[in-house]
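Trainee: One structure is given below, represented as structure tokens, and several questions about it will come after.
The values are calculated or read from the model by the stated rules, or taken from the named source; none is laboratory data. Because the structure is predicted, anything quoted here is derived from the model rather than measured. All Cβ positions, even for glycine, are placed from backbone atoms using ideal geometry, and neighbour counts span all protein chains on display. Note: accessible area is taken over every heavy atom of the protein model, side chains too, but ligands, DNA and RNA are not part of it. Shrake-Rupley method; radii C 1.70, N 1.55, O 1.52, S 1.80 Å.
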Amino acid sequence: FSMVTFLLRPVGILYLSSGLLGTAQMNQVFLTPSHMMNRKVGLNVEGSSFTLDGSPFLIIAGTIHYFRVPREYWRDRLMKLKACGFNTVTTHIPWNLHEPRKGWFYFTANLDFMAFIAMASDVGLWVILCPGPYIGSDLDLGGLPSWLLRDPKMKLRTTYRGFTKAVNLYFDKIIPKIVQLQYGKGGPIIALQVENEYGSYHQDKRYMPYIKKALITRGIKVLLMTADDGAELTRGHLKRGTISLYFLPILMMVYTASSLDGWGTARQSVDSHLLMRDVREMFNMSFSLNFYMFHGGTNFGFMGGSASLDHYLPMVTSYDYGALLKENGEHTTEYLTYQEFFSSSLAWFLFLSLPQPISSVKPICMENLSVNQGNGQSSGYILYETVITNSGLLTTRGHLQDRGQVFLDEEFLGVLDHFTHQLAIPRKMVYNVYPTLRILVENQGRLAYGKDINKERKGLIGDIYLNNSPLREFKIYSLDMKTKFLKRDLPNIWKPALFKHQGPAFFLGILRMGNDPRDTFIKMEGWTKGVIFINGQNLGRYWNVGPQETLYLPGPWLHPGSNEIIVFEEFKSGLEIHFTNTSHLGMVFWRVNL
């Protein structure tokens with residue numbers, strides 16, 4: 001049994017999913033509840049990253065409290081969480097609502113948390129559950145039932161016998177319901193939080209070990225975590241087998257969208273630009289994330305608690321909380337911003353996987369490169385890179401063979417080919433720091449016959465001009481896509497890919513096969529243009545302009561167990577890959593930027 005303590009700073013990985021037997025969507029790999037058939041170790045921590053059943057996994061979670069949302073709207077809110085790019089929902093279980101009178105338990109209607117969790121799984125979301133007994137969450141008495149205070153000697157959140165006796169009876173009721181929804185049982189629960197921010201309370205050093213034992217002895221086997229503010233982390237975490245999740249950096253980041261509104265105070269606002277800056281920074285550092293709240297909902301009835309800051313501060317009925325969804329479930333502008341953000345790439349043009357470049361004053365064509373023991377480059381792609389000092393008109397004068405994508409730093413400018421010989425570089429894109437011009441040229445195949453076969457050199461076969469002046473001082477990268485190139489550096493720098501990616505990138509997929517691999521066809525629906533490799537074999541090109549729609553994958557090139565698929569996508573990745581006539585068990589994709 002393992003347990004972990006989460007720090008409010010993410011780790012882990014972005015990921016993409018393939019369809020099982022070519023039918024399921026690929027927006028969350030085979031790392032989705034419906035695709036994970038053969039479950040073993042579940043969520044774990046390896047080094048500074050999360051893994052799910054051994055595969056790298058980035059948690060992108062948002063908190064929704066089922067008890068603050070009408071049951072009729074649960075599915076709508078969960079689907080909006082999924083549509084925004086999140087893969088996990090975090091929710092808390094309020095003891096005081098489930099046992100408002102001692103020994104009287106309610107788990108129906110809006111308190112049917114089992115139905116909420118099952119619905120999350122059906123939508124395609126994993127679940128991190130916070131069962132308490134204390135959950136905070138700005139509830140009356142932090143979610144503890146007020147009848148506990150009938151005991152004049154009561155010491156809440158300690159190992160005081162009167163408190164632990166009540167906790168044990170409560171856990172006896174709810175934990176068996178949770179056990180059957182755990183990852184290992186086929187459910188979506190991948191982690192459980194032990195208590196909540198105990199470091200700021202810390203009245204009894206025996207209390208947290210007691211809660212941990214109470215969970216484990218009742219059958220909890222998923223990863224356990226604690227949550228605390230960074231300053232209180234050392235007092236609130238469990239030393240052995242836990243992840244600490246806190247509000248300053250380490251394993252996972254819990255991001256609070258806003259501060260609370262109390263009656264008689266000014267409405268608190270959230271700086272969306274600052275928030276997005278923080279999230280971008282987290283993702284650039286590959287940290288996992290929990291957004292509190294994704295959807296706040298409403299403090300129906302008298303469930304809202306109070307705070308004690310400079311004075312007593314009772315909470316307002318609305319729990320809007322500056323969340324990405326409004327109290328009534330409508331999208332905020334921030335929601336749309338995050339949806340777009342999660343669907344794009346951050347700092348994607350890193351060129352981490354490229355071999356050592358060849359330096360040259362002038363462009364060199366593929367055939368004349370000093371590679372392959374002096375034989376030049378035969379096929380594939382070639383990348384030219386140079387620094388420019390001015391904006392203006394970029395022209396090829398027919399010297400680009402056959403098709404080139406043009407980038408200025410990370411910005412895509414357009415395509416140059418047999419029909420398009422010039423592109424404009426806007427003045428606004430050339431800053432004080434001189435930008436790098438990159439041209440990724442594809443060899444689309446040399447002429448098979450005719451008198452012009454003598455002219456079939458590829459890449460940049462002569463000068464390329466900016467405002468009629470030839471560009472100079474190039475770095476040239478040979479991207480022949482041979483097995484040696486694909487195996488060279490990529491395995492060490494894969495970065496899981498979660499959503500559609502814009503720009504040239506490699507995708508690594510592990511295709512799991514049964515004992516009898518057979519011929520199949522691959523359909524790259526939603527992808528744009530690129531090349532596919534299976535176990536080192538180049539299957540060939542795909543391109544959404546047609547007419548070909550599938551690629552043939554011979555059964556003998558597959559083997560039982562894991563098969564490595566690498567996709568080089570030039571423009572924009574899709575969200576699914578379809579396979580036909582195969583019994584593969586699923587696939588997970590990682591990405592590395594060109």
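Trainee: Label point 7 Å out from Glu473 along Cα-to-Cβ: which residues of region 362-377 have amide N under 14 Å?
Mentor: Those under the cut-off are 362.
Trainee: What residues qualify as long-range amide H neighbours of Lys572, i.e. H under 5 Å apart, gap of 5 or more or another chain, H built at 1.01 Å from N?
Mentor: Gly503, Thr528, Lys529
Trainee: Along region 448-454, what does the Karplus equation 6.51 cos²θ - 1.76 cosθ + 1.60 (θ = phi - 60°) give for ³J(HN,Hα), rounded to whole Hz, x for Gly and Pro?
Mentor: 8, 7, x, 5, 7, 5, 5
Trainee: Quickly work out the Val387-to-His331 label distance, labels modelled 7 Å from Cα along the C-beta direction, and quote it in nm with one decimal.
Mentor: 4.2
Trainee: Taking a 1.4 Å probe, which of Arg518, Arg512, Arg403, Arg161 shows the most accessible area, and what order do the others take after it? If you can, show how the numbers build up before the last one.
Mentor: On the way: Arg518 150, Arg512 75, Arg403 40, Arg161 180 Å².
The residues order as Arg161, Arg518, Arg512, Arg403, largest area first.
Trainee: Convert each backbone phi in region 540-547 into a coupling constant with the Karplus relation 6.51 cos²θ - 1.76 cosθ + 1.60 (shift: θ = phi - 60°), then list the ³J(HN,Hα) values in order as whole Hz, x for Gly and Pro.
Mentor: x, 8, 10, 7, 6, 6, x, x
Trainee: Here's another thing I want to ask about it. Take the Cβ-Cβ distance between Gln356 and Asp409 as r, set R0 to 25 Å, and report the resulting FRET efficiency rounded to the nearest 0.05. Don't skip to the answer; put the middle values down first.
Mentor: Values: r = 21 Å, r/R0 = 0.85.
E(calc), rounded to 0.05, equals 0.75.
Trainee: Moving to a separate point now. With a 1.4 Å probe and all protein chains kept in place, how much accessible area does Met315 have, in Å² rounded to the nearest 10?
Mentor: Using a 1.4 Å probe on the heavy atoms, I get roughly 20 Å².
Trainee: Here's another thing I want to ask about it. Let's see if you can work this out: charge +1 on each Lys and Arg Cβ, -1 on each Asp and Glu Cβ, no other charges. What is the dipole magnitude of region 358-480 about its Cα centre, in debye to the nearest 20? Walk me through the numbers before you get to the answer.
Mentor: On the way: 13 positive and 13 negative charges, 61 e Å.
Dipole magnitude for region 358-480 comes out near 300 debye.
Trainee: Provide the per-residue ³J(HN,Hα) series for region 550-567, in order, calculated from phi with Karplus coefficients 6.51, -1.76, 1.60 and θ = phi - 60°, each as a whole number of Hz, with x at glycine and proline positions.
Mentor: 9, 10, 7, 10, x, x, x, 7, 9, 9, x, x, 8, 10, 8, 10, 10, 10
Trainee: Further question on the same structure: As an exercise, use a Förster radius of 35 Å and the Cβ-Cβ distance of His418 and Asp519 to find the FRET efficiency, rounded to the nearest 0.05. Working shown, then result.
Mentor: On the way: r = 35 Å, r/R0 = 1.01.
The value I calculate is 0.50.
Trainee: How much length is gained on full extension from Tyr312 to Met276, taking 0.36 nm per residue of separation minus their Cα-Cα distance?
Mentor: Working: separation 36, 0.36 × 36 = 12.96 nm, distance 3.19 nm.
Once the chain is fully extended between Tyr312 and Met276, it gains 9.8 nm.
Trainee: Ser318's amide H: which non-local residues (gap 5+, or another chain) put their own amide H closer than 5 Å, with H modeled 1.01 Å from N in plane and none for Pro or chain starts?
Mentor: Asn299
Trainee: Need the full-extension length gain, Asp463 to Lys155, defined as separation in residues times 0.36 nm minus the C-alpha distance. One decimal, nm.
Mentor: Details: separation 308, 0.36 × 308 = 110.88 nm, distance 8.08 nm.
The Asp463-Lys155 span can extend by a further 102.8 nm.
Trainee: A further question on this structure: Pairs of alpha-carbon atoms within less than 8 angstrom and 6+ residues apart define the contacts here; what relative contact order does region 103-186 have, in percent?
Mentor: 21
Trainee: Which part of region 539-578 falls in the paramagnetic zone of Gln502, meaning amide N under 12 Å from the point 7 Å along Cα-to-beta-carbon?
Mentor: 572-573
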